[in-house]
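The values are calculated or read from the model by the stated rules, or taken from the named source; none is laboratory data. All values reported here derive from a predicted model rather than from experimental measurement. Methodologically, a virtual Cβ is constructed for each residue, glycine included, from the backbone with ideal geometry; neighbour enumeration extends over all protein chains shown.
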Amino acid sequence: MSPLQASIQESSGHTIPTSYLGWQRHESFDADEQALLLRGWEQCYDQISPGAHCGVTVNAYLDDLQLFREFSSTALRQRGRAPSRTHTLAIRIDDGGDARFRGSTLTPHSLLNMGEDVELDLRTSRSFEAFGLTVCPDALRRHAEAVEGRYLIDLLDRRDVIPLASTLAEELRLFLASVFEHLESHHSMLAHENARRILHAEVLDRVFAVLRSTEAEAVGQSTAQHRARIVARAEEFVLSRPFESVTVADLCFHVGTSRRRLQYAFQEVMGTSPNRYLRAIRLCRVRRELKVGGTSVPSIQDTAARWGFWHLGHFSLDYKRMFAERPSDTVRGAVAANSRRRCLAGRNVPETSHCLARPLARAAMFADFG
């Protein structure tokens, strides 16, 4: 059980069923009813504008991170508390009437920042909609310190509402919208630990990328030799874990550098970004599993999810760009090759060696997947 799950269970006083830990979507037609839909939260919603109330609450759980999307047609006065020992961030989706968090104006170009043990005090507008995430502070600090540097987590200790550049706020909204849109029809992916882990890292990466825009980051100059050592240590770490989906946060923590310096090092030494490098490694490992599936046809979705590919559409495009064939083509080729081997073995005929794929140049392997 993750720390967030324990906090939710402790707050609610109930054992959390397994189905609850993945994906939930609820509609409500009463403000009091909607207040109960964020499990583990202690909330009271008072409707403060006239009209029939309609609300939608969607939850996705990634172990110690809870993603949620909430819509309410009427203006609400929301009070209460998040699960104990958690930190909550939220960004508006709607174009925005007047909304206030702890007295500060919450615009579509700002981030609601509710720290550990801070009380919820939010007045929404009509047709208010927001994306949010609730995460254990330890996970937030580990990610900030390993990937971004200590100063970013300090930003979260100072302000209830953090102003954002409009373009970056929109990028964060579009990213979270794509996550919820995909999980709406593919939430079974959340049953796979690596899929949850990769999505967890991507969400925190996006949040801290937005926070980076609020203050200048001093980036130290590294020599070519130092950058080469950074990449060598990162590669050694990845290759020593052939059955794990390594994230950029893992690399930063292991190497002992910031995300920005890791990015510079990989760009200079490898000609690609750490994310593209790791994606290429994971694609290769998916391909190996599909090719050695034996006599059975492996589930492409399950194999991809085991290696952290939570979005099947993106995975299929990346796979085809990487290997010039679809995952299903790889499976069919492996099944045909196995049948041919069994046939030749039964006839006691030596098998002719075939080149199954042309060697890929290193630059091509790490090409931009778009």
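Can you tell me which residues in segment 26-53 are surrounded by 17 or more Cβ atoms within 10 Å (Cβ to Cβ) and either closer than 15 Å to G132 by Cβ or among the hydroxyl-bearing types (S, T, Y) (or both)? S28, Q34, A35, L37, L38, R39, G40, W41, Q43, Y45 - these are the residues of segment 26-53 that are surrounded by 17 or more Cβ atoms within 10 Å (Cβ to Cβ) and either closer than 15 Å to G132 by Cβ or among the hydroxyl-bearing types (S, T, Y) (or both).
Annotation: of all residues in segment 72-112 being acidic (D, E) and within 23 Å of F175 (Cα to Cα), the one that is nearest to the chain's Cα centre (by Cα) is D94.
For segment 286-300, state whether one or more residues are within 21 Å of V207 (Cα to Cα), part of a loop (DSSP other than H, G, I, E, B) and of a type in the set (S, T, N, Q). The answer is no, given that none of the residues of segment 286-300 is within 21 Å of V207 (Cα to Cα), part of a loop (DSSP other than H, G, I, E, B) and of a type in the set (S, T, N, Q).
Cβ-Cβ contacts under 7 Å between residues 6 or more apart (or on different chains), taken from a first residue in segment 333-356 that is assigned by TED's automatic domain parsing to the domain that holds L290 to a second residue that is modelled with pLDDT of 50 or more, are listed as A334/L290; A334/K291; A334/G293; V335/V297; N338/G294; E351/R341; E351/L344. The residues of segment 108-117 that are in contact (Cβ under 8 Å) with a residue 40 or more places away in the chain and in a loop (DSSP other than H, G, I, E, B), listed by number, are P108, H109, G115.
Among the residues of segment 237-258, those that are more than 17 Å from L199 (Cβ to Cβ) and either part of a helix (DSSP H, G or I) or β-branched (V, I, T) (or both) comprise F237, V238, L239, L251, C252, F253, H254, V255, T257.
What about L176, is it buried (at least 21 other Cβ atoms within 10 Å of the Cβ), in contact (Cβ under 8 Å) with a residue 24 or more places away in the chain and part of a helix (DSSP H, G or I)? Taking the combined requirement at face value, the residue satisfies it. Just name the residue that is modelled with the lowest pLDDT out of those in segment 126-157 that are surrounded by fewer than 21 Cβ atoms within 10 Å (Cβ to Cβ) and farther than 27 Å from R197 by Cβ. This residue is R126. Within segment 91-114, the residues that satisfy the criterion of being under 12 Å from L164 (Cβ atoms) and in contact with a strand residue (DSSP E or B) (Cβ under 6 Å, 6 or more places away or on another chain) are I91, R92, L106, P108, S110, L111, L112, N113.
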